[in-house]
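Derivation of every value follows stated rules applied to the coordinates shown; laboratory data play no part. The shown structure was predicted, so the numbers you read here are calculated from the model rather than taken from an experiment. Glycine gets a Cβ as well: all are built from the backbone with ideal geometry, and neighbour counts include every protein chain shown.
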Amino acid sequence: MKNLSVLSLKRNSCRSTRGAAFTCHVALLLVVVMAATISVTAQPASKEVAATRGRSIVRGRVVTHDTNRPLRRVTVSLYDPGNRGAGQHHRTWTDRRGEFVIKNVPAGKYYVLVDAPGIIRPEVYGGSAAMTDPDVTVVSVDGTSSAEVRVRAKRGGAITGRVTYADGEPAMSTEISLWRRKDGQLVHVYQDQQRYGDSATNERGDYRLSGLPPGEYVVGAGERKLSAATQSDEDGSYRISSGTVGYTYHGGTTSARAATTIRIDESEEADDIDITLVERGTHLLSGVVVARGDGRPVPRAEIQLRIKEEPSSGGGPSPESHHVFADAQGRWEISEVADGSYTLSVTPSHNYRRYDGPVIVGGGERAAPKFVAKRQDLIVAGGDQSGLVIEVSAGGRVSGIIAMDGGNPLPRRVVVHPEAAEGSSGGESFNQPPAEIQPDGTFALEGLPASGLYLNVSAGGDNRQGYYIKSAIGNGVDLLRSPLQLADGGEVKDVRVVLSANVATFTGRILAADGAPARGASVMLVLSDPDLQRRRGSRLYGQANAEGHFTVAGAPGEYAALVMRPDGRRFPLKADEMKERLANAPRVTLQSGENKRLDLTVPGDK
């Protein structure tokens, strides 16, 4: 069963997105609201077994809350958001009787979560705030005993309908997106948890969205376009172009905010939510990406066109979007673009493919070039647009070496990524992957904009919080206190970054005003020194688990502890909010290698 869990995690870590062909990420646990608080019966284990195992066993059964019928072959997870280490997630499957066993569970209190079609998933709809729901099942173990639970999974509501063209023909394989109206915003709802994307219509144009908690929703449909073409030019590569076009919402409008709202009560099904795609004229855009200064073509740039009217309050998809690659001569084109105001983004290609080697440019072999990402507004109205020239800058370069304190060997999978100093990026972001260090510890970042920047380092391996930046020096500047100033086309060499494994650990509980655990609350530690707190990568984050416990690990120093309520807006805070909160936040000083404990209280309504 352990091997099966590993395979499932790898499978679920890749998702299909509208902005790129395939994006792999480490997925946060996919979860479900349960219907009732369960009883936990601790069963003492023998000292011999406990000494051998050193961990607890959680056994249980998953049933539906309304019929008590078993949920067979579904995923069950134990989730501790307050533990940022390897013990945060534990997962298995129920058998044909709906029963499950999870072994080797460290001491702690966990949410017991179920991932199954039609079942409400709290983290999808409410983030950590959903964990305050008393119906979410929890279980406590002490690391030596066993526990037994009964999980009553709660079925959600559903929205069903059909998507057709204006002539009545079914629109098959059409993308269906769902938004929930919340606090005056439209928040995107992810439906397919296996690939963390959106649903699609079948061959009859039918769709079904299930597992919905009570609320108000907006449904939209758009045609997908996807093509992979082998190029005939000298590089012999291929590229994948994708997009979603012709978005129409329930109510016959092309505007999400003007769409007809669908109200779903508990376990209710709204059927016949049909959508007829509105026919719109479309146009062809084409142009070339060239280097600023000499005008040479820039091959393999990624171009994304996204409509400005975003129905989502953040994190959701753009309903009208296009994603293409420039060819070896920098040429690109986007078809089927409807009238509207768009944002055109051009970034270096990070996932181009070639059959037999690297991209060939000008007769010599080299990788696709790095350049500064660029974003500009574009209005499409009334006709095709050709000959669009996008100039990009080669940007600057930063290189150096990463070393461990005391001459110790570096951890596995160390990567370096830049962070723009606030107010200094000129509107152009660092849209590039981190630079992996070489076996000798050296690294190089290219295509950086002329601006101030900090460097952040991530180390993989068994403990992702087990290292921190002890020092970072470049051009004689302490990069923990001041950003590195980089000129366009300039280069900064011999940057030296020293990591330390002697982290400080801060633990405690987040409590409500009445002393009860603040389930789902968050804490952010911000260095008290004004010079040190400007680097966003220096901030430490933790989330309370079912008992309010949290754990934060990182660099030693004096911090202000900012607590975010479970029902509050998530970090990051705006500059004025940050300043106000820092003035009244409790302070905590962490020494190297220290493990300090302190309870925190959620702020009041103000």
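Before moving on, here are some points about what is shown:
- Global form of segment 504-601, assessed from the alpha-carbon gyration tensor, a/c cut-off 1.5: oblate
- The phi torsions of segment 149-163, fed into the Karplus equation with coefficients 6.51, -1.76 and 1.60 and a -60° offset, translate into couplings of 10, 10, 9, 9, 7, 9, 6, x, x, 8, 10, 10, x, 9, 10 Hz, rounded to whole numbers, with Gly and Pro shown as x.
- For the peptides 400-412, 374-386, 205-217, the ranking by mean Cβ contacts within 10 Å, running from highest to lowest, is 205-217, 400-412, 374-386.
- The residues packed around R481, meaning those with a beta-carbon under 9 Å from its beta-carbon, carry a net charge of -1 if Lys and Arg are +1 and Asp and Glu are -1.
- Top positive-direction residue, dipole computed over segment 447-581 with Cβ charges, set S471, L562, L484: L562
- Protection proxy ranking of 184-190, 289-295, by the mean of other Cβ atoms within 10 Å over each peptide's residues and highest first, is 184-190, 289-295.
- Taking every C-alpha pair closer than 8 Å and separated by at least 6 residues, the mean separation divided by the residue count of segment 504-601 gives a relative contact order of 40 percent.
- Förster radius 51 Å - calculated FRET efficiency between D488 and S592, Cβ distance, rounded to 0.05: 0.85
- DSSP finds beta bridges in segment 504-601, and of those with both partners inside it, around 80 percent are antiparallel.
- Using θ = phi - 60° in the Karplus curve 6.51 cos²θ - 1.76 cosθ + 1.60, the 3J(HN,Hα) couplings for segment 288-296 round to 8, 9, 10, 7, 5, x, 8, x, 5 Hz; x is entered for Gly and Pro.
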